């Protein structure tokens with residue numbers, strides 16, 4: 001549930017920036033309709049695929065889910081480590097907002113179904129694409145731990161929190177420590193991916209589930225070591 | 001169709017396809033080792049660390 005909550009928080013901060021830019025520049029009706037339609041589409045994906053995953057044998061499910069979580073987790077972790085060590089720029093929500101708003105102001109007005117089509121489609125795509133990864137995390141964690149509704153509740157709680165924060169702040173959430181959250185998500189996905197992937201491949205972990213904190217500690221230690229090593233490399237790199 | 005395939009490739013595989021390939025190989029080797037009498041639990045965590053470091057080093061020039 002924590003993994004789904006954190007991943008959802010990171011992705012929804014990014015989606016909020018897009019929806020805000022569309023709402024302010026193109027009108028709130030189209031922006032909110034796009035965001036609402038994408039949320040419904042994501043809920044439908046989870047509702048359709050969730051029950052389908054529960055019929056797959058648990059060993060096969062753990063192997064596939066573990067491999068996918070590892071690939072996803074390492075994508076998150078790789079990006080977060082590169083950002084934390086200075087090899088990649090931190091994501092700046094204010095800059096993204098300004099760029100999106102400028103693009104939206106220059107786009108043509110076209111009405112479809114009574115909505116500004118540009119505002120609707122950009123909001124829809126933004127929420128759908130950012131949310132797809134969250135839907136995947138909800139499905140994988142939920143199916144292997146036997147509770148998709150609990151994982152979905154974690155993700156939904158983050159959506160509510162980010163939307164409320166957006167209303168309170170009245171702008172992009174540029175002060176959210178996005179990279180720290182992404183780092184935490186990467187560590188968790190990689191940990192569970194390693195654990196389930198190995199179990200699915202036929203491994204018996206020493207102490208069974210009790211070894212999970214050990215895997216978590218190992219992934220965290222390795223990741224922090226890589227951040228330190230890459231920071232040193234960055235300092236020594238020619239300007 | 002091409003854009004659809006590109007989207008899913010980028011969604012699943014991401015910036016570095018070698019990471020995904022490395023994970024598939026590592027899980028395969030773990031499965032092979034698990035069929036022997038040698039404990040196999042240590043292999044995947046070490047492989048994950050090696051795959052991540054190799055990818056990071058490549059990205060950091």
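The values are calculated or read from the model by the stated rules, or taken from the named source; none is laboratory data. Nothing here was measured: the structure is a model prediction, and the numbers come from that model. Because the Cβ atoms are built from the backbone with ideal geometry, glycine has one as well, and the counts that use them run over all protein chains shown.
Data table
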| item | result |
| --- | --- |
| Subset of segment A:164-191 [in a helix (DSSP H, G or I), over 15 Å from the mean Cα position of the chain (by Cα) and closer than 22 Å to residue A:90 by Cα] | A:165, A:166, A:169 |
| Matching residues, segment A:188-202, being buried (at least 24 other Cβ atoms within 10 Å of the Cβ) and either within 13 Å of chain B (Cβ to nearest Cβ) or closer than 16 Å to residue A:64 by Cβ (or both) | A:189, A:190, A:191, A:192, A:193, A:194, A:195, A:196, A:197, A:198, A:201 |
| Hits in segment A:217-226 (condition: closer than 16 Å to residue A:86 by Cβ and crowded, with 19+ Cβ neighbours inside 10 Å) | A:223, A:226 |
| Whichever residue in segment A:84-114 is modelled with pLDDT of 90 or more and crowded, with 19+ Cβ neighbours inside 10 Å and, among such residues, is farthest from residue A:53 (Cα to Cα) | A:85 |
| Among the residues listed as A:175, A:234, the single one being surrounded by fewer than 16 Cβ atoms within 10 Å (Cβ to Cβ), at the interface with chain B (Cβ under 9 Å from one of its Cβ atoms), out of contact with any strand residue (DSSP E or B) (no Cβ under 7 Å at 6 or more places or on another chain) and farther than 17 Å from residue B:48 by Cβ | A:234 |
| Breaking point among (1) more than 18 Å from the chain's Cα centre (by Cα); (2) surrounded by fewer than 20 Cβ atoms within 10 Å (Cβ to Cβ), for residue A:62 | (2) |
| Filter result for the condition that a residue is in contact with a helix residue (DSSP H, G or I) (Cβ under 9 Å, 6 or more places away or on another chain) and without any contact (Cβ under 8 Å) to a residue 12 or more places away in the chain, over A:50, A:23, A:36, A:27 | A:36 |
| Whichever residue in segment A:39-60 is modelled with pLDDT under 85 and assigned to a helix (DSSP H, G or I) and, among such residues, is nearest to residue A:157 (Cα to Cα) | A:50 |
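Residue-wise test of (1) within 14 Å of chain B (Cβ to nearest Cβ); (2) within 24 Å of the chain's Cα centre (by Cα); (3) assigned to a helix (DSSP H, G or I).
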{"residue": "A:87", "(1), (2), (3)": "yes, yes, no"}
{"residue": "A:96", "(1), (2), (3)": "no, yes, yes"}
{"residue": "A:101", "(1), (2), (3)": "no, yes, yes"}
{"residue": "A:104", "(1), (2), (3)": "no, no, yes"}
{"residue": "A:109", "(1), (2), (3)": "no, no, no"}
{"residue": "A:120", "(1), (2), (3)": "no, yes, yes"}
{"residue": "A:123", "(1), (2), (3)": "no, yes, yes"}
{"residue": "A:127", "(1), (2), (3)": "no, yes, yes"}
{"residue": "A:132", "(1), (2), (3)": "yes, yes, yes"}
